[in-house]
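Presented below is the structure to which this report refers.
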Amino acid sequence: MSPTFSDKARGASRILGTGRCVPEEVITNEDLEKIIDTTDEWITTRTGMKRRHKVAEGEATSDLAAVALRRAGEDAGIELTDLDAIIVGTASPDMPFPSTACFVQQHLNLPGIPVFDISAACSGFIYGSTLANSLIAAGQFEMVAVIGAETLTRITNYQDRSTCVLFGDAAGAAIFGPSDGERGVIAAYIGADGNLSHLLNMPGGGSREPATHETVDARRHFIHMEGSEVFKSAVRAMESSAKRAIEIAGIRLEEVDLLIPHQANVRIIKALTSRINIPPEKVYINVQEYGNTSAASIPIAFDEARELGIVSEGSVIVMVAFGGGFTWGSLVVRL
Ligand code: UT7
């Protein structure tokens, strides 16, 4: 049974503001050429990536997340003390527990409100946004922050050339508040298939394979990915999610002003673009600058697109994600 989007959820909330935080340090393709058997040419043609950013020594996911949320609060023109909840989507938490959201709350000194993480890998921001909209629709909360934040360079195996060129660190945040009727979330759709969990995961460090000297020596505490299998599923799932969400929104494809896909690989984005049949100029791509930042990729792209004036009040935006789990989802908003 596919989940549906109720009339109550439609237009329940709108995005009041966005923010992002990208660490300063940059890893270029040329830097990677020096540590593994790869080339700028291979990385550029196979992924579209040129650079990815890396956190400083001692910095953690919540540090980036808190800055992104503070900026989103400024952009929204609200006090963060007005928030009723904070949701963080991450696959690279500060610690297995407590949640990264608890550390974000601590950094911003917002005690009292409920805060929690969502584990949906690269789909974390779409899952979190869907939930935020539903919680506002249910009347549970009025204002909810959703953050996608990652420090994937901490769990990247720099001895594995098939994955280490891909990942970067960043955080993006959006604040959801009451809709004014015209603008808001007009569709949300999320799904998952746990049967494919073996294709993309971090095997070590959980209850299945607790940390031991052996798991560390075997490099089990890093991202494991079977890239070409993930690639095919990503294209299929993002295509069907975006189409489904556009159908739920009840809009025509021509009404979409911007598609913001998860930035995993420019070839995935191009395959998706041609399958959905949306003109390339309506598709946002920044994978060359950040690499794959998992749950952060959509909110940082969204924040950039707003800052650049590519979208503004009234624009219809379709965001679509795919990630480990497998998980997928799509959100349609009228800004
Ligand atoms: O965030 C959501 C989840 N992630 C994704 O959606 C990522 C999905 N997957 C991908 O983006 C692509 O599969 C990759 C970029 C990871 C790999 O591209 P590919 O076209 O699927 O390459 P491949 O894995 O089939 O490897 C092709 C060749 C292999 O060599 P042989 O066996 O043909 O001789 C690899 O060993 O490329 C080789 N290769 C590299 N060569 C130079 C793999 N990584 C590298 C590298 N530099 N970094």
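The values are calculated or read from the model by the stated rules, or taken from the named source; none is laboratory data. Bear in mind that the values here come from a model prediction, so they are computed numbers and not experimental data. Don't worry about glycine lacking a Cβ; one is built from the backbone with ideal geometry, like all the others, and counts go over all protein chains shown. These accessible areas exclude ligands, DNA and RNA; they are computed on the full protein's heavy atoms, side chains included. Shrake-Rupley method; radii C 1.70, N 1.55, O 1.52, S 1.80 Å.
Descriptive notes on the structure:
- About its Cα centre, the chain has a charge dipole of approximately 920 debye under the convention of +1 per Lys or Arg Cβ and -1 per Asp or Glu Cβ, with nothing else charged.
- Largest accessible area first, the listed residues H224, H213 line up as H213, H224 when surface is computed with a 1.4 Å probe on the assembled protein chains.
- Computed over the chain, relative contact order equals 26 percent, with contacts defined as Cα pairs under 8 Å that lie 6+ residues apart.
- 5 angstrom amide H check on L16, placed H, neighbours 5+ away: I175, F176, G177
- Gyration tensor (alpha-carbon) shape descriptor, the range 114-260, a/c threshold 1.5: prolate
- Label zone (R161, point 7 Å along Cα-to-C-beta; backbone nitrogen cut-off 16 Å) within the range 35-60: 35-47.
- The range 271-335 shape via C-alpha gyration tensor axes, a/c threshold 1.5: rounded
- Modelled FRET efficiency - R0 25 Å, A138 with E255, Cβ distances, 0.05 increments: 0.35
- A dipole drawn for the chain from +1 and -1 charges on Cβ atoms has a positive end, and of L16, A237, A174 the residue lying farthest that way is A237.
- For the pair D40 and R275, a Förster radius of 25 Å applied to the C-beta separation gives a FRET efficiency near 0.30, rounded to the nearest 0.05.
- What the phi angles of the range 44-57 give under the Karplus curve with 6.51, -1.76 and 1.60, with θ = phi - 60°, is a coupling list of 5, 6, 7, 10, x, 7, 10, 9, 9, 9, 9, 5, 7, 3 Hz, glycine and proline written as x.
- Computed from the C-beta positions of D217 and M95 and an R0 of 22 Å, the FRET efficiency is 0.50 to the nearest 0.05.
- The count of lysine pairs in the chain with alpha-carbon distances below 18 Å, taking only pairs 8 or more places apart or on different chains, stands at 8.
- Based on Cα atoms of the range 13-180, Rg over Rh with Rh as the Kirkwood radius reads 1.04.
- Hydrodynamic radius of the chain per Kirkwood, over alpha carbon pairs, in Å: 19.6 Å
- For E25, the residues 5 or more places off, or on other chains, whose built amide H falls under 5 Å of its own are K54.
- Nearest 10 degrees, 0 to 90: helix 124-137 Cα axis against the chain principal axis: 20 degrees
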